[in-house]
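Everything on this sheet refers to the single structure shown next.
The values are calculated or read from the model by the stated rules, or taken from the named source; none is laboratory data. What you see is a predicted model; the values in this text were computed from it and never measured. Using ideal geometry, Cβ is built from the backbone for each residue, glycine included, and neighbour counts are taken over all protein chains shown.
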């Protein structure tokens, strides 16, 4: 037994591990025979069909020979349910991960299956153009009880037309989606629709309590033949009530998206409630055509969602997008805070922070964007003119953008606004605007301003509190200016560990403090991007790092 297999053994079967050794153990080996009982390596089964003909019981485990390719498709139902105390486990043994070669079909399709753990497995499809399914696909159409307790960890999925890892529910609202799902330490690449995703009825939140962490979704290029809707997302979650995504990375997704009405995003949610995306990195994602291709997004029908402590860079679309396309549920009470964007918006005029509402009745409402650091330069632009802030259309209500740092360099805009909006739609408050090249450009509907003061003179209600002008124009004096280049590639984690976005002690920005808690719901023990505690009621300086 190699060391990786030994670690998995410890996790699965020793006291305090994921499960205790209970139920029957079955083995699958290239040297096996389906006529055997499968109870040991010497009497192992040899095909996936034998799995499909077996009803697994609570506490049962299936061990698949590591490094071996098993061709076919695994199909599970509620007859294969484990229990809360005794889940069913599928995993590998020996050297490496067992490989399920699904060809044109699904790697594993589990319908209404509960209490199942997939550990250290690999699923391969025949490729986006020929495959017709997902790699790991859990689906519910049960109207009586929600399937629950699914764990997917240390799995790799690639080459499927739809999702690498997908959770779905029948679009009949009476169908109950999955609950208590954990997806960790897994990789999804070269899939069509997306790397990791969920779906269900557009009429409600069918899934509940999902946790996604330490996963990578990359080079999910999209589907060239799909033109009616977007494809090529990294992680895209919909119809979930209660979701946490953290310590994940998405990159180089979306290049083959061929929908001009919408596009893919690295990590995002739509029709979700109470979702948090934090400590994630999203970079070098593509629009495909004319829309999106951004780092992070809270989208249509989402409410009470938060983007925090994330790093977005070198994306074609927005660094952080708040968008309402016209969902049945209102887009409200969403927050973007303590994030960093470097050189996003390389295509189609997007900004580090971008807002879009489809119509008056589908407005971005009650959104709060504060203490972010946004850096934008004019290098490697594909088309358009990126900006620190991009406002697409006029359909906003009570959006507050406060205590952020917006830094530009070269011929890019501080603000891109398709239409002029008043402070009841979007209010700017105590933001720092600085240009390393001394050029300040603002596109405000049909007018182009070349200085901050000229724009504020024409928009006197902006950046005002109790009659006092609050906007700032100071050099932040970052600890490491090289962050502006966006050349951090796969070392993005260093910016979390070492806080290179801190401002130097001599920066005058340290003298400009703002009572963030007076305007936003800052809970006790809130932290900033650099992991500094922010006590309730404390005044803090602008930007993602407040120390």
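Observations on the model:
- Filter result for residue 261 (at pLDDT below 95 and more than 16 Å from residue 296 (Cβ to Cβ)): yes
- Single condition residue 457 does not satisfy, out of (1) in a loop (DSSP other than H, G, I, E, B); (2) modelled with pLDDT of 60 or more: (1)
- Among (1) in contact with a helix residue (DSSP H, G or I) (Cβ under 9 Å, 6 or more places away or on another chain); (2) in a helix (DSSP H, G or I), the one test that residue 62 misses: (2)
- Test result for residue 104, more than 13 Å from residue 239 (Cα to Cα), surrounded by fewer than 24 Cβ atoms within 10 Å (Cβ to Cβ) and in contact (Cβ under 8 Å) with a residue 40 or more places away in the chain: no
- Looking only at segment 161-180, and only at residues there that are in a strand (DSSP E or B) and touching a residue at least 40 places away in the same chain (Cβ under 8 Å), the one that is farthest from residue 254 (Cα to Cα): 169
- Residue count for segment 134-147 satisfying the condition of being surrounded by fewer than 19 Cβ atoms within 10 Å (Cβ to Cβ) and part of a strand (DSSP E or B): 0.
- Test for residue 546: is it at pLDDT below 85, over 14 Å from residue 375 (Cβ atoms) and not in a helix (DSSP H, G or I): no
- For segment 346-356, the criterion of being more than 19 Å from residue 314 (Cβ to Cβ) and surrounded by 22 or more Cβ atoms within 10 Å (Cβ to Cβ) is met by at least one residue.
- Of all residues in segment 409-434, those satisfying the criterion of being at pLDDT 95 or above and part of a strand (DSSP E or B) are 413, 414, 415, 416, 417, 426, 427, 428, 429, 432, 433, 434.
- Residue 75, sole failed condition from (1) surrounded by fewer than 20 Cβ atoms within 10 Å (Cβ to Cβ); (2) part of a loop (DSSP other than H, G, I, E, B); (3) in contact with a helix residue (DSSP H, G or I) (Cβ under 7 Å, 6 or more places away or on another chain): (2)
- So residue 472, is it without any contact (Cβ under 8 Å) to a residue 60 or more places away in the chain and touching a strand residue (DSSP E or B) at 6+ places or on another chain (Cβ under 7 Å): no
- Flag for residue 180 being touching a strand residue (DSSP E or B) at 6+ places or on another chain (Cβ under 7 Å) and crowded, with 18+ Cβ neighbours inside 10 Å: yes
- Screening the candidates 506, 499, 467, 486 for the property of being surrounded by fewer than 19 Cβ atoms within 10 Å (Cβ to Cβ) and modelled with pLDDT under 65 yields one hit, 499.
- Failed condition for residue 192, given (1) out of contact with any strand residue (DSSP E or B) (no Cβ under 6 Å at 6 or more places or on another chain); (2) surrounded by fewer than 24 Cβ atoms within 10 Å (Cβ to Cβ); (3) modelled with pLDDT of 95 or more: (2)
- Among the residues examined, residue 226 qualifies as part of a loop (DSSP other than H, G, I, E, B) and out of contact with any strand residue (DSSP E or B) (no Cβ under 8 Å at 6 or more places or on another chain).
- Scanning segment 436-446 for residues that are touching a helix residue (DSSP H, G or I) at 6+ places or on another chain (Cβ under 9 Å) and part of a strand (DSSP E or B) returns 442, 444.
- Segment 254-298, subset outside any strand (DSSP E or B) and at positive phi, residue surrounded by the fewest Cβ atoms within 10 Å (Cβ to Cβ): 279
- Given (1) outside any strand (DSSP E or B); (2) closer than 19 Å to residue 444 by Cα, index of the condition residue 400 fails: (1)
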